[in-house]
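First the structure, in the form of structure tokens, and then the observations on it.
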Amino acid sequence: MTAVCDAPLDPIVYLNRELVPLSEARVPVLDRGFIFGDGIYEVAPLYAHAGGRTPFRFAHHLARLARSLEKIGIVNPFDAAGWRALIERVVAANEADGGLRVDQNAIAYVQVTRGVAKRGHAFPAGIQPTVFVMVSPLNLPGAAQRAQGVRCVSAEDRRWLNCDIKSVSLLGNVLMAQYAAENDAFETIQFRDGLLTEGSSSNVWVVKDGALFAPPRSQKILEGIRYGLIEELTQECGIRFEAREIAEAELRAADEILVSSATKELLPVTQLDGRPVGHDGKPGAVFAALYAAYQRAKAKEALEAQQGVNSEFRERIIA
Ligand code: PMP
């Protein structure tokens, strides 16, 4: 169901101060990421354009990474400039060895775990976090998929109540993604106590009478970087937006349902649990307007990067 594929077989990755082929990257089994799922990750798109490759909404991704680390008491190993430089290093290494073409969109995956220590649940003192960065080509959903929309299924949200933390403890999400796969669906949309939360790896949006609704920011959902973006795009498009609780029945009576994530951007859901969404089960006008606005936002950031407004990356693109 994920849009990421076409990855080189053995990309160059960063692990604990070293650039190594993925096939040679190793972490000790006592890494707390392995033993406890005690870590944080982040996934940020890097869009290719005529002037180079620009990370999209990068400051927001880094801010969410910092927030997640802080919430679980891991000291952020880099500041924003440090993360930017590190990702650029991995990008450059993969371009140099032919794993990533300069004109390819990419996705940066960053993971920080608490580090390696004798097994014991509470935080050990004085250990170094494990830092891993991987950059892969990003294949965005194509025009055919956008025109057709995607099929989703629904299920009860059984995850923990710290979904705002982008934790590598993803078993609840993995089970929901597997449920979708087993039902030949793109995504599982979850409800907690009869209220919409989110997908296994996406935020969910509901359109009714031309207005857009989303569950409010809370510990029950991960606030996607597209959450704030789409909120901004509604203003640009003159679409009324309201963050509020959405009952299951409202989702099922929606005119349109949308899902968003870094790798999917924005996609229309045209079937839910085997029934067409809206009156005709076709992507709607609000999707079309927001998708177009999303593409304009990408072009604007790319232009700003080329013109140097988006400071640090401009220097690295030219260097
Ligand atoms: N919710 C969950 C559970 C996710 O895994 C994701 C994807 N990271 C999102 C929402 C969307 O976040 P973003 O827009 O930052 O990709």
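Results, tabulated for the structure shown:
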| read-out | value |
| --- | --- |
| Residue in segment 172-187 that is part of a strand (DSSP E or B), within 16 Å of the ligand (Cβ to nearest atom) and free of Cβ contacts under 8 Å to residues at least 60 places away in the same chain present | no |
| Enumeration of residues in segment 152-171 that are touching a residue at least 24 places away in the same chain (Cβ under 8 Å), charged (D, E, K, R) and exposed (fewer than 15 other Cβ atoms within 10 Å of the Cβ) | Glu156 |
| Checking Gly149 against (1) more than 16 Å from the ligand (Cβ to nearest atom); (2) surrounded by fewer than 16 Cβ atoms within 10 Å (Cβ to Cβ); (3) not β-branched (Val, Ile, Thr), the condition it does not meet | (2) |
| Pairs where the first residue, in segment 231-244, is of a type in the set (Asp, Glu) and the second is in a strand (DSSP E or B), C-beta under 6 Å, 6+ apart | Glu231/Phe241; Glu242/Phe213 |
| Checklist (1) in a strand (DSSP E or B); (2) within 12 Å of the ligand (Cβ to nearest atom); (3) among the β-branched types (Val, Ile, Thr) applied to Val131, failing item | (2) |
| Any hit, segment 93-104, residues being more than 19 Å from Ser202 (Cβ to Cβ), out of contact with any Cys (no Cβ under 8 Å at 6 or more places or on another chain) and within 16 Å of the ligand (Cβ to nearest atom) | no |
| Some residue of segment 254-262 being more than 22 Å from Arg64 (Cα to Cα) and either assigned to a helix (DSSP H, G or I) or within 16 Å of the ligand (Cβ to nearest atom) (or both) | yes |
| Ala243 vs. criteria in contact with a Phe, Trp or Tyr (Cβ under 8 Å, 6 or more places away or on another chain) and surrounded by 23 or more Cβ atoms within 10 Å (Cβ to Cβ) | no |
| Residue ID - surrounded by the fewest Cβ atoms within 10 Å (Cβ to Cβ), chosen from residues in segment 26-72 that are β-branched (Val, Ile, Thr) and in a loop (DSSP other than H, G, I, E, B) | Val29 |
| Looking only at segment 263-279, and only at residues there that are among the β-branched types (Val, Ile, Thr) and within 16 Å of the ligand (Cβ to nearest atom), the one that is farthest from Val207 (Cα to Cα) | Thr263 |
| Filter pass, Ala297 being modelled with pLDDT of 95 or more, on the phi < 0 side of the Ramachandran plot and out of contact with any strand residue (DSSP E or B) (no Cβ under 8 Å at 6 or more places or on another chain) | yes |
| Pair list, Cβ under 7 Å, 6 or more apart: segment 289-304 residue in the same structural domain as Ser260 (by the TED database) and aromatic (Phe, Trp, Tyr), other residue part of a helix (DSSP H, G or I) and surrounded by 15 or more Cβ atoms within 10 Å (Cβ to Cβ) | Tyr291/Arg146; Tyr294/Leu233 |
| Those residues of segment 225-241 which are within 16 Å of the ligand (Cβ to nearest atom) and in contact with a Lys or Arg (Cβ under 9 Å, 6 or more places away or on another chain), in sequence order | Ile225, Arg226, Tyr227, Gly228, Leu229, Leu233, Thr234 |
| Number of the exception - Arg17 against (1) of a type in the set (Lys, Arg); (2) within 14 Å of the ligand (Cβ to nearest atom); (3) under 15 Å from Leu86 (Cβ atoms) | (2) |
| Complete set of residues in segment 102-123 that are surrounded by 12 or more Cβ atoms within 10 Å (Cβ to Cβ) and either of a type in the set (Val, Ile, Thr) or without any contact (Cβ under 8 Å) to a residue 60 or more places away in the chain (or both) | Gln104, Ile107, Val110, Val112, Thr113, Val116, Phe123 |
| Matching residues, segment 60-92, being over 25 Å from Pro124 (Cα atoms) and out of contact with any helix residue (DSSP H, G or I) (no Cβ under 7 Å at 6 or more places or on another chain) | Ala63, Gly82, Ala85, Leu86, Ile87, Arg89, Val90, Val91, Ala92 |
| Search result, residues across segment 188-229 that are among the polar types (S, T, N, Q), free of Cβ contacts under 8 Å to residues at least 40 places away in the same chain and not in a loop (DSSP other than H, G, I, E, B) | Thr188, Gln190 |
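The values are calculated or read from the model by the stated rules, or taken from the named source; none is laboratory data. Not measured: the values here are computed from a predicted model. Cβ sites come from the backbone with ideal geometry, for glycine too, and all protein chains shown count toward neighbours.
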